[in-house]
Structure formats: C-alpha cells, structure tokens
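Visitor: Can you keep this structure in mind? I'll have questions shortly.
The values are calculated or read from the model by the stated rules, or taken from the named source; none is laboratory data. No experiment lies behind these values; they were computed from the predicted model shown. Glycine gets a Cβ as well: all are built from the backbone with ideal geometry, and neighbour counts include every protein chain shown.
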Amino acid sequence: MSDIDPSLQIHTDIWMEEAEPGDRFRTRAAFCRGYDVFGELVGRARWVEMLLLQFRDDLPAKPELDMLEALAVAIANPGPRDASVHAAMCAGVGGSTAAAALMAALAVGAGAAGGAREVFDAMVAWERCGPDFETWDPHPRAAQAQDIWPQRERAAGFDAHGLLGALPVRQLLQTLAHIAASPRVTWLEKHQAALEQRIGAPLALAGVAAAVFTDLGLGAAEGEMLYLLLRLPGAAAHALEQQTHGYRKFPFPPVELEEQT
C-alpha cells in the first residue's frame, strides 16, 4: 500500500492518509489500523467494527461484536429522565445550536454519578476486583488530592436510589450473557443479586457497560470515552424534538418556588 512518497502521508498509530500525487492537500486513500476505509471497510464492515477499530488494534470474535451492538442499542437513548438527555432537551427548547445541545449532553453526562466517569471508576474496580466477592468493597475510596472528581458516595456502577434487581438491568444482562460468554458479563449475570446485596445498592446500566468494555479489552479511559459516544443519539433526538415542540410542551412539570417569609 505504499507506492506513495512518504512526504505525502499523514499517519498516527490509528490512521494513515495517502495524498493524491499531484495534490498533497487531497486524500487519495485512508487506512484505519491498516484497513483501506473506502476500498475495504465501507459496504462490508459493521458500524461496531469500525467503532472498535478506533480503540483497539484488532477485532474480537463475532459474539463479542454482537454483545457491544446490543449494549449500544440499550444505552443509545437514556430517556428524558437522564440528566444528560435533559440537558440536551433544555438546550433544544431554548433554541441553542445542534453543537451546543450535544455539548450540554456531554458535559452533564460526563459525571461520576451515572455518567461516563462512573464507567471509568467501575472499570477500574473490575480490573482491581474481578469475580471475587471478598474484594468488592461497598465503601468507595476517598478522592485523591490531585483528582478533579469529588469523593464517591457509593460504589461505582451501582445506583444508590434504585430498587434491587431492576428489570431493565436484568434483561440487558441476560441478553448479553446469552450473546457472548464473556467472563465478567457471565459472572455478573449469575451473581447480580448476591453482589447487589453485598454492595447494598442495585446494579446500574453503567456497571453493566463497564463489564462489557472490560471484557472487550478496553482500558478505563477508552470505556469512558465510548460510553459518552454511545449515549449521544438519544440526546440529539430529544433536543431536536424539543426545538419543534417549544417550552409549553416540555415534558416535565414546572417547578414552583415557595416564598420565604
């Protein structure tokens, strides 16, 4: 693939572009992890395959790809109750631009309480604890001095305000375990109830996502980024909907402030 003058190539470990021989500012061919994007991948590769190639050198077997695709469907739209989607809706109803609506969703959805940073922390817990009940500590660690994130009030990947054995989480875990016999997802599906009892809180979707990403060989920082990306479609759709509906049809009751005497 390299009859092109090296001076006409722009490359990183992930991506390489070959310029047109007569125009170094125009791309003749683009390669992702060595695959010709327009000559090999387009029309043949699945979206999840292209997605994973951004984060790892090679692709897992089909069951693992199917597992990621199922997770992507589950979290594509977290729903209006989710803080990140709500932020995008507020941007949409206020007439903000498309980019502003997505940035609002990313900013709010990046947090450590149900957001992408929680996935990061849960993946660190998976790497540290693994399938061993005795090492799963229900008490979160204190924030480090150099950490920008506040101290955790609960174990990462668990919902302090939900009910044990939430139906959507159980359904997702059962589906994922049926698709691929990956170690952490399989263990989690089998021991969900016991682990929730030990932690004292129900497993959250962020905790399931952390197990999937860890089974796919991703690092915590990669899982955090991927979680942000996969939840954007719902935020985008709800922001667009609110642009057309206007504030009078905003699907939440107004907040009435009480006068202080």
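Visitor: Please specify each residue of region 179-192 satisfying the condition of being surrounded by fewer than 17 Cβ atoms within 10 Å (Cβ to Cβ) and modelled with pLDDT of 95 or more.
Guide: If the condition is that a residue be surrounded by fewer than 17 Cβ atoms within 10 Å (Cβ to Cβ) and modelled with pLDDT of 95 or more, then no residue fits.
Visitor: Among Ala30, Ala104, which is touching a Cys at 6+ places or on another chain (Cβ under 8 Å) and either in a strand (DSSP E or B) or under 28 Å from Arg152 (Cβ atoms) (or both)? It would help to see each step written out before you state the result.
Guide: Values: Ala30 fails: touching a Cys at 6+ places or on another chain (Cβ under 8 Å).
Among Ala30, Ala104, only Ala104 is touching a Cys at 6+ places or on another chain (Cβ under 8 Å) and either in a strand (DSSP E or B) or under 28 Å from Arg152 (Cβ atoms) (or both).
Visitor: Residues of region 74-100 being in a helix (DSSP H, G or I) and more than 30 Å from Thr12 (Cβ to Cβ), which ones? Steps first, please.
Guide: Start the filter on region 74-100 by keeping residues that are in a helix (DSSP H, G or I), which leaves 74-75, 83-93, 98-100.
Answer for region 74-100, where residues must be in a helix (DSSP H, G or I) and more than 30 Å from Thr12 (Cβ to Cβ): Ala74, Ala83, Val85, His86, Ala87, Ala88, Met89, Cys90, Ala91, Gly92, Val93.
Visitor: Which one of these is closer than 28 Å to Pro80 by Cβ, in contact (Cβ under 8 Å) with a residue 40 or more places away in the chain and exposed (fewer than 13 other Cβ atoms within 10 Å of the Cβ): Tyr247, Tyr227?
Guide: Numbers: Tyr227 fails: exposed (fewer than 13 other Cβ atoms within 10 Å of the Cβ).
So the residue among Tyr247, Tyr227 that is closer than 28 Å to Pro80 by Cβ, in contact (Cβ under 8 Å) with a residue 40 or more places away in the chain and exposed (fewer than 13 other Cβ atoms within 10 Å of the Cβ) is Tyr247.
Visitor: All but one of (1) farther than 30 Å from Thr186 by Cβ; (2) modelled with pLDDT under 80 hold for Ala98; state the number of the condition that does not hold.
Guide: Checking Ala98 against (1) farther than 30 Å from Thr186 by Cβ; (2) modelled with pLDDT under 80, the one that fails is (2).
Visitor: On to the next question. With in contact (Cβ under 8 Å) with a residue 40 or more places away in the chain and among the hydrophobic types (A, V, I, L, M, F, W, C) as the only criterion, which of Leu71, Leu53 stands out?
Guide: Numbers: Leu53 fails: in contact (Cβ under 8 Å) with a residue 40 or more places away in the chain.
The unique qualifying residue is Leu71.
Visitor: Also, quick follow-up: Pull up region 45-70, narrow it to residues that are of a type in the set (Lys, Arg) and farther than 18 Å from Ala221 by Cα, then point me to the one that is surrounded by the most Cβ atoms within 10 Å (Cβ to Cβ). Don't jump to the end; show me each part of the working.
Guide: Our first condition is that a residue be of a type in the set (Lys, Arg); within region 45-70, this holds for 46, 56, 62.
Okay, now just the ones that are also farther than 18 Å from Ala221 by Cα, so 46, 62.
Details: Arg46: 15, Lys62: 12.
Checking each candidate, the answer is Arg46.
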